[in-house]
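Written out below as structure tokens is the structure these notes cover.
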Amino acid sequence: MTGLLAVAHGTLLQGWGSVAAAVSPSPSPSSIEIPPEDQTSPGLLGFLVTFAAAAAVILLAFSMVRHLRVVDRNARRLREAEEAGTPAPGAPAAGGDTPAADGPERPGDPGPTPPRGRA
């Protein structure tokens, strides 16, 4: 079976070689003029596009930092409230109809999933 595969592979390579040889080579450079180096810059449009992309990245970075500060502040408030034993602002009151921390939220819900990677 391996010999038959080698013969088929060789035949395909020979056929492809004849197709590649039939293609004429690319023409030599003719009347195409290459502009001087000082005229091959991206120009004003290239500068404006690059400037707009850089400005967008900077604005997105500022926005991300602002949102991360809000998340960090909220996490710190929740952590301090849990340490003090008081309910966090916006959290439901204890003894209400909230599900148990370790139990399922709805009937048929398996509950929290265990962490992956360690068995």
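Only the coordinates and a few stated rules stand behind these numbers; no lab work does. Computed from a prediction, not measured in an experiment: that's the story for all the values here. Cβ sites come from the backbone with ideal geometry, for glycine too, and all protein chains shown count toward neighbours.
Before moving on, here are some points about what is shown:
- Annotation: the residues Glu37, Glu82, sorted from fewest to most other C-beta atoms within 10 Å of their own C-beta, follow the order Glu37, Glu82.
- Applying the Karplus relation 6.51 cos²θ - 1.76 cosθ + 1.60 with θ = phi - 60° to region 63-70 yields 3J(HN,Hα) values of 5, 4, 4, 4, 5, 5, 5, 5 Hz, where x marks Gly and Pro.
- Prolate/oblate/rounded label for region 42-88 (Cα gyration tensor, a/c 1.5): prolate
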